[in-house]
Each structure stands twice: as structure tokens, then as C-alpha cells.
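See below for the structure under consideration.
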Amino acid sequence: MAITDVNSSAEMPITAADGTPLKKKLAQALFRSRVRAVGLVLPLFAFVMASFVIPILALMWQGVYNDTFASYTPNLTQQLAKWDGVSTPSEEMFAALVTDLKTAREDKTIGRIATRVNQELPGTRSLFTSSARKVKKAAPPYAESMMKIDKDWGNLEVWQAMKLTSQSLTPGFYATALDSKYTVDQGFVSQVENRQIYVKLFWRTLLISGTVMLLCLLLGYPVAYLLATLPLRYSNLLMIMVLLPFWTSLLVRTTAWIAILQSQGVVNDLLVWIGITGDESRFSLIYNMTGTIVAMTHILLPFMILPLYSVMKTIPPSYMRAARSLGATPTRAFLKVYMPQTIPGVGAGGLLVFILAIGYYITPALVGGQDGQLISNMIAYHMQKSLNWSLAAALGGILLAGVLLLYWAYDRIIGIDNMKLG
Amino acid sequence: MQTIDNPFVRFKNVQKSYDGETLVVKDLNLDIAAGEFVTMLGPSGSGKTTCLMMLAGFETATHGDIELAGRPINNIPPHKRGIGMVFQNYALFPHMTVGENLAFPLKVRKMEPAKVEEKVRKVLDMVQMLAFIDRKPAQLSGGQQQRIALARALVFEPELVLMDEPLGALDKQLREHMQYEIKHIHENLGVTVVYVTHDQSEALTMSNRIAVFDDGIIQQLADPVTLYEKPDNAFVAQFIGENNRLNGTVESVVKSVATVKLDSGHMVKALSINNDGKGSRTMLSVRPERCVVSAKKSSSMSMLDARIEELIYLGDHIRCRMNVAGDDQFIVKVPNTSGHLGLEIGANLYVGWKTDDCRALDYR
């Protein structure tokens, strides 16, 4: 035990009055309070583990492990494992295919198999479902017989796709999430040009999040400064106005922006009325990237203002006065004395807004249109529509890694200890 | 109010109001000579800090002129006034080291780096803090921060330094030590200092002259000795040092000696300083250390019956609370000499003082 190690290495072990080692005695004395502390934390810890940590880990695991194909086609999987991936498929492989298709037809699992292979090689879904219906006619030699049912069974690509899907532990989903393709014979190859969507989407997510963060900082800094410096009765009112959005539903706020920004909306009507733009050439302010940025900036603004405010509140006005009495102009005093002291708030607010923005989903879904979509909308799509959970998990995994990387970079540059959230 | 020829700082009929309804500073006239150490002393809310802030430029005077070396400075912004200032909470910039803090006023004046370095080292040496040049303010104790704040206010060699209760946050011993240090720096450099405090012993220790503020008005402006020995009015008598007050009515004034009939019926003689003559209410002020306790009546001084209520032994003297003329808060400091009286609680004695030590002031 560690206690004995420490004591043996020390020259003279310190003992309590009754002769037991002091460390042991101390641990005994503190045991009760430790048990109490653990008891208080345990319920929340269990809840967080069960509802947050374990589901996340389970989903992350799906990003690299998918055994749909292997569990429903055991015979074929065995044969595919032996296959080199380039030679003509052997008679044994066709035989295994027939056996597994028959079972799948009976067990009604053919849909799942077809879906899984279709994820790997789009357009193969009907090959599986129709072949499964006809497979009872198949007779040896199976290769010939299957080819008669559908000539696509002679296509090497189909077999390669099956070999890939038969490998349960696969980097394939991460490759797809990075616009690349994991192949049997060439390893990773990049996806054809017109199917590269995810990397572009990741960059767009970063760009929009960064823009939103900068806008929040630009708009939030003066407000936070006012909040911290105004007399109490005015600053209370201002604080209520800052917090007001928190009391309204996210959906209400987002739809309000639709009413304001749409082509027949308030802003466009006003611009037409003033004469800045013609009635027929109204600006498209929503259902594009502009809409996403405007609505997200508005919604995330309090998350920037509050950390900034909490930092600015602690800076007494005497610093600025001191700087001015020492001969600095108001601008210089602000830049050299006030601003550096708000860095922890800027860092905390910036990081908070950026991380929230990077995973934002509802707002871009409602006002984003085509080019205002973020990676989270794609994750939702794969979770709900295409049911490709493994790809969703891979996309989510990359997003999480990105956030952790950012966090690490922040810690290196500014230091997490310097962060002040309130 | 006294005026000085060629004052360095002059407040001329200065008034200040924050809300347009009440005056925080009412008609302030104050001349400060170059090289002087003037303290503004008063209770909180008396307007002393407001006066300092107006001089520094952080508050604007509602009425009147403030002049610095003969020039009106009402419309000059704080950074162009060239006044050094030490703040109550030091206001050392927490993100800069001690050296950078001190270099700040020199850098904004676009001084060459080599010269900045030299000046910073010189002033740090003066406050004996050279070893701490690379520390951050948070790594210093309160007294050390105080020295740095002082050094920073002096490093750009201003002719006027303002101090706003700079020693308020220090413990008693350190505060007394710093009082001497500031006094010596003032004497060595010859700068003009305007110092704000509510601590009278601090004011008495350091100042050439003290302006006692109350209710937006300078109640008395005088050197420490005059202020203590010859207070002009009841407020100053009560505020500076310990004071025994006896209330009564003026019976007659002959030359400068007033005969006062106390509320208890006793007749007492006192110096007539600040009262409205025969028939007016007055407050008699006697310092506790000027009173004599005696078993016998003596004809050479005013003597009243007294009964000892409480005795506190303080080593060098015995603090004796007595009931005199119906007032049981009358304090006498009895020196602990070898032959002093064996004082006992409940003993009936006489307490007396010289007429010169008793001042008949305004009643308030």
C-alpha cells in the first residue's frame, strides 16, 4: 500500500499518540466525511453515466463497429474473409450467398443486409431484395445460377462491397465522413468529386461558428461593458433585456427571425420603403448562410455577454482612472489597461459560443436553407432519415475530436485556469 | 480663509453637486503652496474625496475654478494634468509586472527605453522594492503594493501628488511605518502632496496643514498643533482627538473670558472663541489630558464635583470616566506618576482645569 511505502521511505514514520501511523489515523478520521461526500455525488454521477457517458461511448463505438452484415450472413462472411478481393468469386462463395439469402428471406432480415451493403455501394439495394425473392430457384452450380437471376452478381464491385461490409470493425465510416473511401485493394482513396460533401460541410461549420463567435464578441463587448459600468438601476434593466431571450423558446426566437428576414418580411419591406432596393429585387436574407449567422448570433449572444460581464464586473473603475492620471489617453488606457484584463472573459465567452455553435442544429435546420446547413444537420439526417447511425457516429466523433482539439489549443494559448464563466 | 501669494493649487468658490438638488461641496476656497503637504480630513460623505477627484480631473466642478500653477484646469482632461495619484486600492495593473506598471507613465510619454529603465530602477530603489521588479502585483503583500503604487505616482516626476486614503487597507503597525515613509519622501522630493484621509492621527503625523471637512465645508484649515490646541468650532474639537463637552449658556463675556452657566447650574469660566455672546447656548471643550483630578478644591482653576464611574488602566496613564456636572461621559487621563492618587470607583473628588484650556464654542 502507498501508506507503507511512504512511511518506509521516510526516515522516521510519524505516528499518532496511540502508535498507529499518522496517515492511517488521518484516513480513518476522514473516512466518514468522505463517505458522505461520495454519497452526495453518487446519484448525479450514476445519472450522468447512464444517460450521457455510456450512450456516447456506445454511439462512438458504432462509428467503427457495425456487425449487421456479419451477423445476418455468417456463411458468406466466412467465405469473404478467405477471399483475396480481386480474383473471380469462387463457387463456395456463391453457395454461401445462396444459403444466407435463403435464411435472410425466411427471417425477413434481407432488408437490413441490403441497406448495409447499399451504404457501401449505392444502388445495390434492389439486387439483394429481388435476388432474395428468386433465390429458391437457384441450383448448383450456384455461380451460373445466381448470374442468371441477376447478372450483377458477376460484378466484382458488389463482392468487394460485401467483403468490406462483412468486416465488422472498420475505418470505413470515418473514411466516408472525411470524403474518402476505404477499398479492398487500394486502401483509402478519395471520394469522387461530386460526392465530396462532408469535409466542405466541416469547413463551413467552422467558418459559420467562427463568424458567429466574432459577431457575438463585437456586439457583446460594449453591452457587457455597459452592464458592468452603468448605475445599478439601469444595469438591472439591461441585464433583464440580455436574459429575456432565455425566457422565450428557441423555436419562437428562430421563427421570429423568419418573420423579420424573409423576402416579404420586416427588413425587406423597410428597405423597399426607404428605396434602397426595388420591390422585385428584394434581398434573400434567410434560408441561406446569412440567415443562419444572424439567427445564431442572436441566440448565442447571451453566452458571450455573461462571461464578459462577470469579468468586467471585477475590474474596478480605479484602474482606468489610474491609467489616465498616469498620462494615458482614454483610448490608450482602454487598450492597454482595461482590455487585457477582460481576456479571460473573451476567452471563456468565445470558447463557449464557438463550441455551442459548432454543434448547433435547430436554428440552421429552420433558417439555413441549402448553404446554411451545418454538420450537425447532416448528423441528424443520418440518424433520422438514412438510418446510417455508424456514419452519424463517425461524423459526431470527428466533431467531438475537433472540439477537444480546440479546448486543448485554448488551454495551451490562454490557459483553462484563466477562464471565467461567472 | 487664509490666502497665499502665488499658490500652486487654488480652489476658488468651488461647488459640486451630483444630482442637482444637494451640494456635496459648498463654496470651497483653498490655497495650497508649492511643496506643501495638505491633508483633507473629514468623516465619510464630507466632500473631501470629491474635492480630490475634481483636482485630479475625474469629476468636474459644478461651479467655480480650480487652478494649478496659475492656470485654470477645469477643462483639461486628467491625462494632460500631469498629476500623480495614489488610489485607495492601489490600482496596480494586475496584468503587468511591477516594472511594467512603473514604466507605464513613462512609455505613454514616449520616453526612450533606456531612460525608462533607469528611472524605474531609481524610483524602485527609493521605495526599497528593486528586488521585486519582475513580480506581478498579486504576488506582493499589501504594504509592498502600497510602495509600488507610491513609486508609480512619483516616477514621472509630477509636481503634485494626490493620495486618496492610501493607507486605509494596511494594518496598524504598517500604516504607522508608511506614514513616516511618505512624510520623508515628501520632504526629500519637495513635491506638493494633497492627502485625503478620515484618520486624524494620520493627518496629524504627516501634514503641514490640515483642512477639516464636514458637510461640504472646510471647518478649519490650520497646522496640526493649532488644530488640536485651538479648535475653532465644536465639530473640529469633537473630531480631532478626544474631547469632553459640557453644555451651558453664556452669562457674560469679559475681554475674552466667558462665564458660562452649565445645565447643571455650575458656573464655569472659559475662553470665548465661537459663541453668540450673552444668553447664547455654548459647548465647552476640554481635552481629557488637561484636566486635573484632586481631593481638594483649589482656587487657581475651575473645579467641579466629580464621581469616578470607571477606571481603565492603560500603562502610561489611567483613563478615568467620571460623572461631572450631570455628564457621566467625562474622561480624564490621569498620568501614571509614582505619587498618583489611589483612584477608586465611586470616589467623590474634584476635577479642574485652567481657563485657557477650556474653550466656549458653538453649540451643535
_Please list, ordered by residue number, the helices (runs of 4 or more DSSP H) wholly in the range A:281-348 having 2 or more residues that are within 28 Å of the chain's Cα centre (by Cα) and either more than 10 Å from every other protein chain (Cβ to nearest Cβ) or among the charged types (D, E, K, R) (or both)._
A:289-313
_Number of positions in the range B:139-177 that are small (Gly, Ala, Ser) and within 29 Å of B:Lys110 (Cβ to Cβ)_ = 3
_Here's a check for you: in the range B:29-53, which residue that is modelled with pLDDT under 90 and touching a Phe, Trp or Tyr at 6+ places or on another chain (Cβ under 7 Å) is farthest from B:Asp214 (Cα to Cα)?_
B:Gly47
*asked:* When you scan the range B:188-196, do you find a residue that is within 14 Å of the chain's Cα centre (by Cα), free of Cβ contacts under 8 Å to residues at least 60 places away in the same chain and over 30 Å from B:Met303 (Cα atoms), even just one?
replied: no
*Just wondering, is there one or more residues in the range A:132-141 that are surrounded by fewer than 19 Cβ atoms within 10 Å (Cβ to Cβ), of a type in the set (A, V, I, L, M, F, W, C) and not assigned by TED's automatic domain parsing to the domain that holds A:Ala394?*
yes
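Could we say that A:Ser386 is among the polar types (S, T, N, Q) and under 15 Å from the mean Cα position of the chain (by Cα) here?
Values: among the polar types (S, T, N, Q): yes; under 15 Å from the mean Cα position of the chain (by Cα): no.
No; evaluated as a whole, the condition is false for this residue.
Could we say that B:Ile66 is closer than 20 Å to B:Thr197 by Cβ and either more than 14 Å from chain A (Cβ to nearest Cβ) or under 19 Å from the mean Cα position of the chain (by Cα) (or both) here? Spell out the reasoning first.
On the way: closer than 20 Å to B:Thr197 by Cβ: no; either more than 14 Å from chain A (Cβ to nearest Cβ) or under 19 Å from the mean Cα position of the chain (by Cα) (or both): yes.
So B:Ile66 fails the test.
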*Which of the residues belonging to the range A:87-98 are surrounded by fewer than 17 Cβ atoms within 10 Å (Cβ to Cβ) and farther than 24 Å from A:Val189 by Cα?*
A:Ser90, A:Glu91, A:Glu92
*Would you tally the residues in the range A:99-132 being closer than 23 Å to A:Gln186 by Cβ and not aliphatic (A, V, I, L, M)?*
7
*For the range A:368-394, how many residues meet the condition of being free of Cβ contacts under 8 Å to residues at least 12 places away in the same chain and in a helix (DSSP H, G or I)?*
3
*Out of A:Leu207, A:Leu164, sole residue that is in contact with a helix residue (DSSP H, G or I) (Cβ under 6 Å, 6 or more places away or on another chain) and in a helix (DSSP H, G or I)*: A:Leu164
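Do any strands (runs of 3 or more DSSP E) entirely within the range B:227-305 hold 3 or more residues that are in contact (Cβ under 8 Å) with a residue 24 or more places away in the chain, touching a Leu at 6+ places or on another chain (Cβ under 9 Å) and surrounded by fewer than 20 Cβ atoms within 10 Å (Cβ to Cβ), and if so, which? Give the steps one after another, and end with the answer.
Details: elements: B:244-254, B:257-262, B:267-272, B:281-286, B:292-294.
Result: B:244-254.
Only one of these is among the β-branched types (Val, Ile, Thr), within 14 Å of another protein chain (Cβ to nearest Cβ) and part of a loop (DSSP other than H, G, I, E, B): B:Ile4, B:Ile76. Name it. Explain how you work it out, then say what you get.
On the way: B:Ile4 fails: within 14 Å of another protein chain (Cβ to nearest Cβ).
Being among the β-branched types (Val, Ile, Thr), within 14 Å of another protein chain (Cβ to nearest Cβ) and part of a loop (DSSP other than H, G, I, E, B) holds for just one of B:Ile4, B:Ile76, which is B:Ile76.
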*Can you name every residue in the range B:153-200 that is closer than 18 Å to B:Met40 by Cα, in a loop (DSSP other than H, G, I, E, B) and away from every other protein chain (no Cβ under 14 Å)?*
B:Leu167, B:Val191, B:His198, B:Asp199
*Go through the range A:72-86 and count every residue that is in contact with a helix residue (DSSP H, G or I) (Cβ under 9 Å, 6 or more places away or on another chain) and free of Cβ contacts under 8 Å to residues at least 40 places away in the same chain.*
5
*Number of the condition not met by A:Val212 [criteria: (1) at pLDDT below 90; (2) surrounded by 15 or more Cβ atoms within 10 Å (Cβ to Cβ); (3) out of contact with any strand residue (DSSP E or B) (no Cβ under 6 Å at 6 or more places or on another chain)]*: (1)
*Counting only residues that are touching a residue at least 24 places away in the same chain (Cβ under 8 Å) and charged (D, E, K, R), which one in the range A:108-129 is surrounded by the fewest Cβ atoms within 10 Å (Cβ to Cβ)?*
A:Arg112
*Select from the range A:57-71 the residues that are in contact with a helix residue (DSSP H, G or I) (Cβ under 8 Å, 6 or more places away or on another chain) and of a type in the set (A, V, I, L, M) and write down the one among them that is nearest to A:Glu106 (Cα to Cα).*
A:Ala70
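With the requirement that a residue be basic (Lys, Arg) and over 40 Å from the mean Cα position of the chain (by Cα), what does the range A:103-141 give you?
Just the residues of the range A:103-141 that are basic (Lys, Arg), to begin with: A:105, A:108, A:112, A:116, A:125, A:133-134, A:136-137.
Selection gives A:Arg133, A:Lys134, A:Lys136, A:Lys137.
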*In this structure, is A:Leu374 touching a Pro at 6+ places or on another chain (Cβ under 7 Å) and within 14 Å of another protein chain (Cβ to nearest Cβ)?*
no
*Matching entry among B:Met53, B:Met126, B:Met85 (being out of contact with any Ser or Thr (no Cβ under 7 Å at 6 or more places or on another chain), of a type in the set (A, V, I, L, M, F, W, C) and within 14 Å of chain A (Cβ to nearest Cβ))*: B:Met53
*Given (1) part of a strand (DSSP E or B); (2) crowded, with 23+ Cβ neighbours inside 10 Å, index of the condition B:Lys12 fails*: (2)
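Take the range B:88-118 and flag every residue that is in a loop (DSSP other than H, G, I, E, B) and at the interface with chain A (Cβ under 9 Å from one of its Cβ atoms).
Going residue by residue through the range B:88-118, those that are in a loop (DSSP other than H, G, I, E, B) are B:88-97, B:108-112.
Within the range B:88-118, B:Gln88, B:Asn89, B:Tyr90, B:Ala91, B:Leu92, B:Phe93, B:Pro94, B:His95, B:Met96, B:Val108, B:Arg109 qualify.
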*Go through the range A:262-276 and count every residue that is β-branched (Val, Ile, Thr) and surrounded by 13 or more Cβ atoms within 10 Å (Cβ to Cβ).*
2
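What about A:Ile315, is it at negative phi, surrounded by fewer than 22 Cβ atoms within 10 Å (Cβ to Cβ), in contact (Cβ under 8 Å) with a residue 40 or more places away in the chain and of a type in the set (A, V, I, L, M)? Can you show your working first?
Numbers: at negative phi: yes; surrounded by fewer than 22 Cβ atoms within 10 Å (Cβ to Cβ): yes; in contact (Cβ under 8 Å) with a residue 40 or more places away in the chain: yes; of a type in the set (A, V, I, L, M): yes.
Against the criterion (at negative phi, surrounded by fewer than 22 Cβ atoms within 10 Å (Cβ to Cβ), in contact (Cβ under 8 Å) with a residue 40 or more places away in the chain and of a type in the set (A, V, I, L, M)), A:Ile315 qualifies.
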*What number goes with the only condition from (1) farther than 27 Å from B:Gln144 by Cβ; (2) hydrophobic (A, V, I, L, M, F, W, C); (3) within 14 Å of another protein chain (Cβ to nearest Cβ) that B:Ile32 does not pass?*
(3)
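The values are calculated or read from the model by the stated rules, or taken from the named source; none is laboratory data. Note that the structure is predicted; figures quoted are calculated from it, not measured. Cβ atoms come from the backbone with ideal geometry, glycine included; neighbour counts cover every protein chain shown.
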